[in-house]
Amino acid sequence: MKRYVLRRVALAIPTLFLVSVIVFAMMRLMPGDVATRMVEGHAYAPTLAALRKDLGLDRPVHVQYAEWIGGIVLRGDFGNSYWTRQPILDEFVRRFPVTLELAALTILVSVVIGIFVGIVSAVRQDTASDYVGRILAILALSVPYFGLAVLVVVLPSIYFKWTPVWTYVPLTRDPLENLKIMTVPALVFGVTRAGPIMRIMRSSLLDVLRQEYIRTAWSKGLSERTIVLRHALKNAMIPVVSLIGLQTPLYIGGSVIIEAIFRLPGVGLFFFEALNKLDYPVVQSVNLIIAAMVVGLNLLIDLSYAFLDPRIRYR
Amino acid sequence: MARRFTIAMSLALVCGLVVAEPAAAQQPKRGGVLRMAEREAPSLDPHLSVSFLTHSYVSLVYSQLVRFPYGPEQQHSTDFSIVPDLAERWTASKDGTVYTFHLRKGVKFHAKPPVNGREVTADDVKYSLERFMAKSGFRSRFDPVQSIDIVDRYTVRVTLKEPFAPFLNHLANPTYCVILPREAEEKFKDFNHPDSVIGTGPFVLKSYDKGVKLTYERNPDYFMKGLPYLDGVVVEIAPDASARLALLRSGKVELSQLWGWVNPEEARSLKKTNPEMVMTPANAMGQSIIYFRTDQPPFNDVRVRRAVSLAIDRKSWNDALLFGEGCLESGPVPCALKEWKLEASKMDPARAKYLVGYDPNEAKRLLAEAGLAKGFTTPMFHWPGYQPPWRSFYDLAADNLGKVGINVEMKPEEYGKYVSTTYLGKFEKMAMGPVTPFTEVDDWLYGAFFPEQPNNRSNVADAELNKMLVAQRRELDPKKRKQIVDDIQRYLADKAYYVYVPSLAWHVAHPPYVKGFRFHDGYGLGPRLVHTWLDK
């Protein structure tokens, strides 16, 4: 187990290295030039050359890369934004709890709905409740979450002069108020993400329910409840958990629009605005931090398989 | 006789009452907090950002030497006459090259450290104007300024290299020359930190919760006695337009953006859902243009550009996309800038048709004459993200041009690329987009047509025009200047350097209890709110 974890952590290093190279290169391959914009539109420096020197953009690309990655690895310094000159990590740390909370609640909503409907659908295969569940899943899959978010905000304002958009309050300051603010965006986002979970849950459970050890359980005279929840569900969860792991980057990426519509000051908007302003260090560092989190989360998910299926061993 | 007198008296009384009653009802009340929804500003430092959001947010906090009239002082929404602000009076030398400003005495900065309510002096004015000239993206506005000198504690002298007619207008525009305290920059390095935002304006920035809201409180020591009426202002950061409108509908804000604008379509829907909402049509500055590389084929040929203009069916355009409320722009001076605008009806019709006319057959003939009888294909660079109905604008332009044989290839660009290239005139052949509104006519003329200006997006280089562009800047007599500006508009009528399509229309919308919020174009959110009050 320990060796497995160490090996996975070691494997994460080349992954993150590749991510860092790709995001670094992509920012520089993007059309438009940040220095031109900062000088011609905003007078950040008297001349282009002066600004390039100031930002270090006049040096060879590999030197720029080495300095950025070196700062992170050696000093934990993720650099400063070109535009605001503020440390990126500070802004990230300030905004990350919002996105994290949104992601956690979204996962909660999608998992609860997806697993529940998935189980009902599988256990009552080809009955009315199965069809309803499957229709709901397809519906959730086909409605874009940003469209649903706009409807949820706009329609009640038209018909009831009320809208579920409030002024953001941190969880630590007023948990109840915070929960009120976060519930609707998490529901909107979570419902649309529940579709795939429901479908995987259903097919995986159907598969497990046909296995021999389940037949044995039936022949022992166990109740349906015990068989499904205690014997089948745990094994059927493995692909579902993998799916949640795979969806994690979507929660961060999709949060841009949810944050904009519901006025949540999270990482998504910070990242999006930096991308629009070609703020290289912000895009690079935020991308790298999120990539590291996704890698870490996937490791946790892989480790959770042992809990779900004791036959799985880590070597 | 006596009876007649009585009737007359009664009539007078009734009239008096009728007149007196609304006057009594209109007596402004103190108190209340006005809330508005808007996007986040990229920075709070007025010299390190060219964003109108930045300048609007800090216009609540800062004052200027001179300003435009607002609220009850203004004649109309583009009244850009000059009235005193921190300078109670000023004089100009006869040749217009030396301006002397005399400051109000006893005006104090907000009581926030490190400035702590210190009095404003000539040194602050010199510091602020010089910082503008050194740092702002708009610093070229002050290129004609030679020096800024302190005469005494309350007197500043600005010397220009040459007569410069736009000078006072630039000084009065909140986008440029607000007066800042030096100590704040020394302590915070710039004016972006919320604690560094210390001015002499009507409101004090109390707190800034990034990504969430800006909270302002009334400045109890504001030098305009009894003003502002509001106890405070809150800007609720809401990046999404549909959410901003939903906040207005549900009564969570009083204004759904800085000017309180909604577009004609939203206005119609708002009238249905919230019939109590007060809505006033606002003819705002702003233009929608097709622009060209006039220095490269095929658009270096005036016949091709004229063909583009004649292909645009402006009337149907306005009806289809703007409910007939948009303005059919005729030339570079926007409709809303009434004092400088020369209507197409006052020009030679034979030439004005290239500004406002619709004649697809003539367009085809012109193309044939230019050797393009079979038509041609051109890219149209643009940023698709501008608010509705902009996307339809691009489609309609392509459709109109397609009908005369100009095949438009849509070239949508990512925002970063658009503003750093196309927007600055660096593109191939043809592009389309809105124009940033400016308060000084010089920006619409010199800025858009003089070589090497960043807003000269069509890369115009016209020696005869250049002479007139320079002349209007140097002419200090407003009447004579207006004549030159008219001549420029006449001259440009058939050049089609830019093709103007109808400009957007707006309605200012707010609940009925918001009073005294008169629409004034430009970026003075603070001064607009000075006269605003809440009747509830």
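The values are calculated or read from the model by the stated rules, or taken from the named source; none is laboratory data. In this text the structure is predicted, and so the values were computed from the model without any measurement. Cβ atoms come from the backbone with ideal geometry, glycine included; neighbour counts cover every protein chain shown.
Descriptive notes on the structure:
- Meets criteria (more than 30 Å from A:T248 (Cα to Cα), within 14 Å of another protein chain (Cβ to nearest Cβ) and either part of a loop (DSSP other than H, G, I, E, B) or out of contact with any Phe, Trp or Tyr (no Cβ under 7 Å at 6 or more places or on another chain) (or both)) for A:P97: no
- Members of segment A:30-83 found to be of a type in the set (F, W, Y) and within 14 Å of another protein chain (Cβ to nearest Cβ), listed by number: A:Y44, A:Y82, A:W83
- The number of residues in segment B:40-84 that are farther than 18 Å from B:F438 by Cα, more than 11 Å from chain A (Cβ to nearest Cβ), in contact with an Asp or Glu (Cβ under 7 Å, 6 or more places away or on another chain) and part of a loop (DSSP other than H, G, I, E, B) comes to 2.
- Subset of segment B:207-226 [within 10 Å of chain A (Cβ to nearest Cβ) and outside any strand (DSSP E or B)]: B:K210, B:G211, B:V212
- A:G133 being within 20 Å of the chain's Cα centre (by Cα) and either free of Cβ contacts under 8 Å to residues at least 12 places away in the same chain or surrounded by 17 or more Cβ atoms within 10 Å (Cβ to Cβ) (or both): no
- Annotation: of all residues in segment A:143-163 being of a type outside the set (A, V, I, L, M) and part of a helix (DSSP H, G or I), the one that is nearest to the other protein chains (Cβ to nearest Cβ) is A:S157.
- Subset of segment B:134-152 that is touching a helix residue (DSSP H, G or I) at 6+ places or on another chain (Cβ under 6 Å) and either more than 14 Å from chain A (Cβ to nearest Cβ) or buried (at least 18 other Cβ atoms within 10 Å of the Cβ) (or both) - its residue that is nearest to B:D79 (Cα to Cα): B:R141
- Selection status of A:V5, farther than 26 Å from B:P454 by Cα, in contact with a Phe, Trp or Tyr (Cβ under 9 Å, 6 or more places away or on another chain) and either more than 14 Å from chain B (Cβ to nearest Cβ) or in contact (Cβ under 8 Å) with a residue 60 or more places away in the chain (or both): yes
- Taking the criterion of being within 10 Å of chain A (Cβ to nearest Cβ), in a strand (DSSP E or B) and either surrounded by fewer than 20 Cβ atoms within 10 Å (Cβ to Cβ) or not aliphatic (A, V, I, L, M) (or both), the only residue of segment B:235-263 that qualifies is B:E236.
- Residue, farthest from A:Y82 (Cα to Cα), within segment A:265-313, restricted to residues that are among the small types (G, A, S) and buried (at least 19 other Cβ atoms within 10 Å of the Cβ): A:A291
- Segment A:217-259, subset at pLDDT 90 or above and within 14 Å of another protein chain (Cβ to nearest Cβ), residue surrounded by the most Cβ atoms within 10 Å (Cβ to Cβ): A:E259
- Subset of segment B:406-446 (residues that are within 14 Å of another protein chain (Cβ to nearest Cβ) and under 20 Å from the mean Cα position of the chain (by Cα)): B:V419, B:Y423, B:L424, B:T436
- Residue in segment B:227-234 that is under 25 Å from the mean Cα position of the chain (by Cα), within 14 Å of another protein chain (Cβ to nearest Cβ) and not polar (S, T, N, Q) present: yes
- Listed by first and then second residue, the pairs with beta-carbon distance under 8 Å, at least 6 apart or on different chains, first residue in segment A:280-296 and part of a helix (DSSP H, G or I), second among the basic types (K, R) and surrounded by fewer than 22 Cβ atoms within 10 Å (Cβ to Cβ), are A:Y280/A:R28.
- Residue within segment B:154-174 that is in a loop (DSSP other than H, G, I, E, B), free of Cβ contacts under 8 Å to residues at least 40 places away in the same chain and over 27 Å from the mean Cα position of the chain (by Cα) present: no
- Qualifying residue in segment B:106-120 (condition: more than 30 Å from B:S207 (Cβ to Cβ) and either modelled with pLDDT under 95 or crowded, with 20+ Cβ neighbours inside 10 Å (or both)): no
- Segment B:386-399 - residue that is in contact with a strand residue (DSSP E or B) (Cβ under 9 Å, 6 or more places away or on another chain) and not charged (D, E, K, R) and, of those, farthest from the other protein chains (Cβ to nearest Cβ): B:L396
- There is at least one residue in segment B:312-323 that is away from chain A (no Cβ under 14 Å), modelled with pLDDT under 95 and in a loop (DSSP other than H, G, I, E, B).
- With respect to being of a type in the set (G, A, S), in contact with a helix residue (DSSP H, G or I) (Cβ under 9 Å, 6 or more places away or on another chain), within 14 Å of chain B (Cβ to nearest Cβ) and part of a helix (DSSP H, G or I), A:A122 falls outside the description.
Each row is one residue, and each column tells you yes or no for (1) surrounded by 19 or more Cβ atoms within 10 Å (Cβ to Cβ); (2) of a type in the set (A, V, I, L, M); (3) within 16 Å of B:V302 (Cα to Cα).
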{"residue": "B:A336", "(1), (2), (3)": "yes, yes, no"}
{"residue": "B:E343", "(1), (2), (3)": "no, no, no"}
{"residue": "B:L355", "(1), (2), (3)": "yes, yes, yes"}
{"residue": "B:A363", "(1), (2), (3)": "yes, yes, yes"}
{"residue": "B:L367", "(1), (2), (3)": "yes, yes, yes"}
{"residue": "B:G371", "(1), (2), (3)": "no, no, yes"}
{"residue": "B:K374", "(1), (2), (3)": "no, no, no"}
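- Residue match in segment A:164-179 (condition: surrounded by 14 or more Cβ atoms within 10 Å (Cβ to Cβ), within 11 Å of chain B (Cβ to nearest Cβ) and of a type in the set (A, V, I, L, M)): yes
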